[in-house]
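Undergrad: Okay, handing you the structure first.
The values are calculated or read from the model by the stated rules, or taken from the named source; none is laboratory data. A quick note: this is a predicted structure, and the numbers were derived from the prediction, not measured. With ideal geometry, Cβ positions are generated from the backbone for all residues, glycine too; neighbour counts draw on all protein chains shown.
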Amino acid sequence: MARIYDSRKRILVTGGAGFLGSHLIDKLLSQGHEIICVDNLFTGTKRNIDHLHNHPRFEFMRHDVCFPLYVEVDEIYNLACPASPIHYQHDPVQTTKTSVHGAINMLGLAKRLKCKIMQASTSEVYGDPVVHPQTEAYWGNVNPIGPRSCYDEGKRCAETLFFDYHRQHSVAIKVARIFNTYGPRMHLRDGRVVSNFISQALAGEDITLYGDGSQTRSFCYVDDLIEAFVRLMDTDATVTGPINLGNPVEYTMVELAEAVLEITGSRSKLVRQPLPADDPTRRRPDISLAKEILKWEPKVKLGDGLIKTTEYFNSLI
Ligand code: NAD
Ligand code: UDP
Ligand code: UDP
């Protein structure tokens with residue numbers, strides 16, 4: 001596309017009013033690009049992009065990616081999809097539609113425009129993994145008919161579509177498998193563990209530990225992840241992914257709860273609640289590929305990231 005300024009790109013971010021999307025947009029604007037933010041505001045909020053209201057290089061379009069979209073852009077980041085279990089299980093059929101129809105429409109757009117497209121895939125494609133830590137070569141252990149399946153299988157099918165559009169139509173794809181990420185602009189009560197624990201600690205409520213709290217996750221601070229997104233998009237056409245993006249430091253949920261209690265200075269008590277169905281027992285990314293190809297690894301330590309997230313939640317309360 002002919003542009004006035006060579007280095008300035010017009011970039012589409014779907015799901016741009018969400019947690020990750022709004023941070024990505026801030027980063028891309030700071031690099032001088034023009035942004036079209038597409039979002040149906042299902043789980044996203046205008047508050048996340050309020051500060052961009054009068055920005056000359058920012059445009060918001062309220063649109064559902066399940067329907068065709070005709071815009072002219074140089075790059076696409078496809079993030080539209082509810083991400084927290086409470087949100088994606090609220091309307092599971094819509095979740096699968098968003099992943100699958102959304103991927104088809106955005107891939108159709110990328111095919112017509114001959115532009116690069118990045119997919120926000122997920123560590124959930126590994127399900128409850130029997131290989132630990134998870135490498136990209138692992139095919140996963142996913143229940144196709146459980147309550148998490150709308151999300152897990154929707155994202156797996158989206159990956160299939162990305163690779164078929166790549167093989168069949170030569171679309172330049174980048175598939176990022178994102179592991180648990182946290183930070184400011186997470187929804188306060190979206191049911192995810194970091195937001196739950198911090199908001200419960202700040203309110204002096206009980207900290208809800210599902211199961212015995214021995215299950216593990218690896219938490220990446222949002223700024224680290226966004227840096228990896230941009231590096232991945234900037235790779236040449238030979239790099240398609242899938243590529244794991246996340247922080248390889250693994251914590252049990254008990255350890256996370258203790259870290260939150262220490263940072264918030266809260267006297268909340270830990271209480272046990274039943275473990276949700278199909279809750280993965282452990283999860284940690286092998287990020288060797290990201291280190292090698294993107295020259296990237298997370299820098300922000302859990303304690304520092306939790307402090308910033310707590311400050312944000314405090315500002316909301
Ligand atoms: P989020 O819920 O904050 O953001 C998702 C955004 O997509 C919201 O603004 C929502 O309104 C929008 N959206 C949902 N359905 C849509 C539709 N049909 N059309 C248009 N917009 C729609 O979640 P997030 O944490 O920012 O996640 C962003 C992406 O990253 C998602 O695709 C998610 O699956 C993926 N991801 C996130 C994590 C994480 O830990 N945050 C981990 C793995 C993958
Ligand atoms: N599409 C879109 N914007 C475009 C081009 C295509 O939303 O600029 C949608 C289109 O509606 C179609 C989907 O993307 O349903 C897949 O497009 P593709 O060209 O692969 O399929 P076809 O149109 O041949 O079915
Ligand atoms: N979890 C918990 N208490 C909560 C919310 C979640 O113990 O209030 C646990 C949950 O069972 C899971 C882990 O924390 O084992 C991460 O849950 P989250 O929903 O944040 O992400 P995901 O399961 O999708 O990785």
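Undergrad: As an exercise: evaluate H53 against (1) surrounded by 14 or more Cβ atoms within 10 Å (Cβ to Cβ); (2) at pLDDT below 95 and give the number of the one condition it does not meet.
TA: For H53, the exception is condition (1).
Undergrad: OK, next. If you take the residues of segment 171-220 that are under 15 Å from Y312 (Cβ atoms) and in a strand (DSSP E or B), which of them is nearest to ligand 3 (Cβ to nearest atom)?
TA: The qualifying residue nearest to ligand 3 (Cβ to nearest atom) is Y182.
Undergrad: Considering only residues that are within 10 Å of ligand 1 (Cβ to nearest atom) and among the β-branched types (V, I, T), look in segment 87-115 and name the one that is surrounded by the fewest Cβ atoms within 10 Å (Cβ to Cβ).
TA: T95
Undergrad: Another question, then. Checking the structure you have, find out if any residue of segment 179-196 is aromatic (F, W, Y) and touching a Lys or Arg at 6+ places or on another chain (Cβ under 8 Å). Show your work before the answer.
TA: As a first pass, look at segment 179-196 and keep what is aromatic (F, W, Y): 179, 182.
Narrowing further to those that are touching a Lys or Arg at 6+ places or on another chain (Cβ under 8 Å): 179, 182.
Checking segment 179-196: at least one residue is aromatic (F, W, Y) and touching a Lys or Arg at 6+ places or on another chain (Cβ under 8 Å).
Undergrad: Does P274 satisfy being touching a residue at least 12 places away in the same chain (Cβ under 8 Å), touching a Pro at 6+ places or on another chain (Cβ under 9 Å) and either surrounded by fewer than 16 Cβ atoms within 10 Å (Cβ to Cβ) or not aromatic (F, W, Y) (or both)? Even if it seems obvious, please write down each step before you answer.
TA: Numbers: touching a residue at least 12 places away in the same chain (Cβ under 8 Å): yes; touching a Pro at 6+ places or on another chain (Cβ under 9 Å): no; either surrounded by fewer than 16 Cβ atoms within 10 Å (Cβ to Cβ) or not aromatic (F, W, Y) (or both): yes.
It is false that P274 is touching a residue at least 12 places away in the same chain (Cβ under 8 Å), touching a Pro at 6+ places or on another chain (Cβ under 9 Å) and either surrounded by fewer than 16 Cβ atoms within 10 Å (Cβ to Cβ) or not aromatic (F, W, Y) (or both).
Undergrad: Here are some conditions: (1) surrounded by fewer than 18 Cβ atoms within 10 Å (Cβ to Cβ); (2) modelled with pLDDT of 95 or more; (3) small (G, A, S). G191 meets all but one. Which one does it not meet?
TA: In the conditions (1) surrounded by fewer than 18 Cβ atoms within 10 Å (Cβ to Cβ); (2) modelled with pLDDT of 95 or more; (3) small (G, A, S), G191 misses (2) alone.
Undergrad: Of everything in segment 79-93, what is farther than 18 Å from M186 by Cα and either in contact (Cβ under 8 Å) with a residue 24 or more places away in the chain or within 14 Å of ligand 2 (Cβ to nearest atom) (or both)? Give them in sequence order.
TA: P92, V93
Undergrad: Considering each of G211, G204, G246 in turn, give the residue that is out of contact with any helix residue (DSSP H, G or I) (no Cβ under 9 Å at 6 or more places or on another chain) and away from ligand 2 (no atom under 16 Å from the Cβ).
TA: Values: G211 fails: out of contact with any helix residue (DSSP H, G or I) (no Cβ under 9 Å at 6 or more places or on another chain); G246 fails: out of contact with any helix residue (DSSP H, G or I) (no Cβ under 9 Å at 6 or more places or on another chain).
The match here is G204.
Undergrad: V249 is checked against (1) over 25 Å from R185 (Cβ atoms); (2) under 21 Å from the mean Cα position of the chain (by Cα) and fails just one. What number does that condition carry?
TA: (1)
Undergrad: Looking at the structure I just gave you, is F42 in contact with a Pro (Cβ under 7 Å, 6 or more places away or on another chain), within 16 Å of ligand 1 (Cβ to nearest atom), in contact (Cβ under 8 Å) with a residue 24 or more places away in the chain and over 18 Å from A110 (Cβ atoms)? Spell out the reasoning first.
TA: Numbers: in contact with a Pro (Cβ under 7 Å, 6 or more places away or on another chain): yes; within 16 Å of ligand 1 (Cβ to nearest atom): yes; in contact (Cβ under 8 Å) with a residue 24 or more places away in the chain: yes; over 18 Å from A110 (Cβ atoms): yes.
So F42 passes the test.
Undergrad: Which residue pairs have Cβ atoms under 7 Å apart, sit 6 or more places apart or on different chains, and have a first residue in segment 147-170 that is free of Cβ contacts under 8 Å to residues at least 12 places away in the same chain and a second that is surrounded by 18 or more Cβ atoms within 10 Å (Cβ to Cβ) and not in a helix (DSSP H, G or I)?
TA: Here the result reads none, with nothing in segment 147-170 linked to a residue that is surrounded by 18 or more Cβ atoms within 10 Å (Cβ to Cβ) and not in a helix (DSSP H, G or I).
Undergrad: With the requirement that a residue be in a loop (DSSP other than H, G, I, E, B) and out of contact with any Pro (no Cβ under 8 Å at 6 or more places or on another chain), what does segment 129-170 give you? Full working, then the answer.
TA: Start the filter on segment 129-170 by keeping residues that are in a loop (DSSP other than H, G, I, E, B), which leaves 129-133, 135-140, 142-148, 170.
Within segment 129-170, V130, V131, H132, T135, A137, W139, V142, N143, P144, I145, G146, S170 qualify.
Undergrad: Then there's this: Among (1) of a type in the set (S, T, N, Q); (2) farther than 16 Å from T181 by Cβ; (3) out of contact with any Asp or Glu (no Cβ under 8 Å at 6 or more places or on another chain), where does T309 come up short?
TA: With (1) of a type in the set (S, T, N, Q); (2) farther than 16 Å from T181 by Cβ; (3) out of contact with any Asp or Glu (no Cβ under 8 Å at 6 or more places or on another chain) applied to T309, the lone miss is (2).
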